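The next block holds one structure in the form of structure tokens; read it before the comments.
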Amino acid sequence: MTAPDLSVPLCGVRLGNPLVLASGILGTSAELLERVARCGAGAVTSKSCGPTPRAGHPNPTVLAWGHGLINAVGLSNPGADEEVRILRDAKARLAPLGVPLIASIFAETVQGFGDVARKVAEAAPDFIEVNISCPNVEAEFGRPFAADARDAAAVTAAVRRAVSLPIIVKLSPNVPDIAAIARAVEGEGADAIAAINTLGPGMVIDTDSGKPILANRTGGVSGPAIRPIAVRCVYDVSRAVRVPVIGIGGVTCGRDAVEMIMAGATAVGIGSAVYYRGPEVFAAIREELRGFMETHGYSDISQMRGLAHDA
Ligand SMILES: Cc1cc2nc3c(=O)[nH]c(=O)nc-3n(C[C@H](O)[C@H](O)[C@H](O)COP(=O)(O)O)c2cc1C
């Protein structure tokens, strides 16, 4: 049998393998994005950037609580002007490696999303990812745009008007019907959907002090504990839309990545696993995925995609 082909097409861009660095983990500088690419990622996503610099929430902001992480980083970022410089540098470092760059953005208003998208497009990333789903800034920003189909559609339309780059819209699991939100953003021109952002908000209490551990008190939950929810969301979304889905949530090994693909994902995001296994996790999961395909006789990722849908 010939060696399995791990490459996947995503909106006309070919990824050497389906594993994508999720936004917010090691995506804060060009050096770190390059490092993750050299560690075997098929594509890398920058940390979400907003219109102006933002300090984020006070420490502690991230906690490993046993079955996953909880975080309230609070969208800390250097603002769109500085981000363009970082993304240009990242793009130059990634080009010789053949690893595409996904630039993640957020804003507080619909128009703000269009403005930030137009700004970061100056750095010519391969994709723009539209983060409408962060659950740990609700106290400041109000309900995430991903919580309502009309709001999610309005943001997508604003970004669509602003840029011609492929747009990925990142959805929240914290909704009763994620498929309806997916259809709404596809209808306004989303080229792909990323699912899911963190679950929650959740809370972890220090039972010695009786106080919540995160300074923000609540945060978004990620890692292995949320994987079955992420898999169900990817399954629902990929049945509802024609555009490709990046399946994210709790993937820590090759079989987890296979599960996402069988749920319907074209590519697979990895975030919390970088905390557990380091950036080397990308090459490790890639080889676990290759081993699975060899053992099971798959020569191409597309042969596994959406297999669960036939059940
Ligand atoms: C510390 C931390 C920071 C994050 N920051 C962002 C962010 O800036 N933008 C975003 O879209 N998602 C952010 N996320 C969510 C991840 O990209 C991902 O959707 C989520 O953690 C689920 O995947 P995982 O279980 O593999 O971590 C963050 C997650 C963590 C753990």
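The values are calculated or read from the model by the stated rules, or taken from the named source; none is laboratory data. Here the structure is a predicted model, which means the values were calculated and not measured. All Cβ positions, even for glycine, are placed from backbone atoms using ideal geometry, and neighbour counts span all protein chains on display. Heavy atoms of the whole protein, side chains included, go into the accessibility calculation; ligands, DNA and RNA do not. Shrake-Rupley method; radii C 1.70, N 1.55, O 1.52, S 1.80 Å.
Quick one: of the DSSP bridges fully inside the chain, what percent are antiparallel, nearest 5? Walk me through the numbers before you get to the answer.
On the way: 14 of 41 bridges.
So the antiparallel bridges in the chain amount to around 35 percent.
Using 0.36 nm per residue, how much length does the chain from SER209 to GLU138 gain when fully extended, once their Cα-Cα distance is taken away?
In short, 23.0 nm is gained.
Based solely on its DSSP helices, what 222 nm [θ] is calculated for the chain when runs of n ≥ 4 H residues each add -39,500 (n - 2.57) and the sum is averaged over all residues, nearest 500 deg cm²/dmol?
-10500 deg cm²/dmol
Relative contact order (percent) for the range 1-127, with alpha-carbon contacts under 8 angstrom and 6 or more residues of separation?
25
Take the alpha-carbon positions of the chain, form their convex hull, and give its projected area averaged over all directions (one quarter of the hull surface) in nm².
The number I arrive at for the chain is 15.0 nm².
For an R0 of 41 angstrom, estimate the FRET efficiency from the Cβ-Cβ distance between ALA283 and HIS309 and round to the nearest 0.05.
My answer for the efficiency is 0.85.
Given a Förster radius of 41 Å and the C-beta distance between ASN59 and SER299 as r, what FRET efficiency does 1/(1 + (r/R0)^6) yield to the nearest 0.05? Intermediate values should be presented prior to the final figure.
Details: r = 48 Å, r/R0 = 1.17.
The calculated FRET efficiency here is 0.30.
If you average the sequence gap of Cα pairs under 8 Å that are 6 or more apart and divide by the length of the chain, what percent do you get for the contact order?
About 19 percent, as a whole number.
Within the range 18-127, what percent of beta bridges assigned by DSSP are antiparallel, to the nearest 5?
40
What ranking of TYR298, TYR275 comes out by heavy-atom accessible area, probe 1.4 Å, highest first?
Ranked list, largest accessible area first: TYR275, TYR298.
Just to be sure I understand the model, the point goes 7 Å from the Cα along the line to the Cβ. What's the resulting ARG232 to ALA3 distance in nm?
Reported label-point gap for ARG232 and ALA3 is 4.0 nm.
Calculate what fraction, in whole %, of the accessible area of the chain sits on carbon and sulfur atoms when a 1.4 Å probe is rolled over the protein chains.
Exposed carbon and sulfur together represent 51 percent of the surface.
Suppose accessible area is computed on protein heavy atoms with a 1.4 Å probe; arrange CYS11, CYS49, CYS134 from highest to lowest.
CYS11, CYS134, CYS49
Taking a probe of 1.4 angstrom, what is the accessible area of PHE145 in Å², to the nearest 10?
40
Compute the relative contact order of the range 114-263 as a whole-number percentage, counting only Cα pairs closer than 8 Å that sit 6 or more residues apart in sequence.
Result for the range 114-263 is 22 percent.
Under the classification rounded if a/c is under 1.5, otherwise prolate if a/b is larger than b/c and oblate if not, where does the range 142-293 fall, given a ≥ b ≥ c as square roots of the Cα gyration tensor eigenvalues?
It is oblate, given that a/c is not under 1.5 and a/b is not larger than b/c.
Compute the label zone of ARG217 within the range 137-154: residues whose backbone N is under 20 Å from the point 7 Å along Cα-to-Cβ.
Backbone N within reach: 137-144.
LEU165 accessible area, nearest 10 Å², 1.4 Å probe?
40
Excluding ligands and nucleic acids, what accessible area in Å² is computed for THR218 using a 1.4 Å probe, to the nearest 10?
40
Accessible area per residue of the chain at 1.4 Å probe, in Å²?
Working: 12270 Å² over 311 residues.
With all protein chains present, the chain gives 39 Å² per residue.
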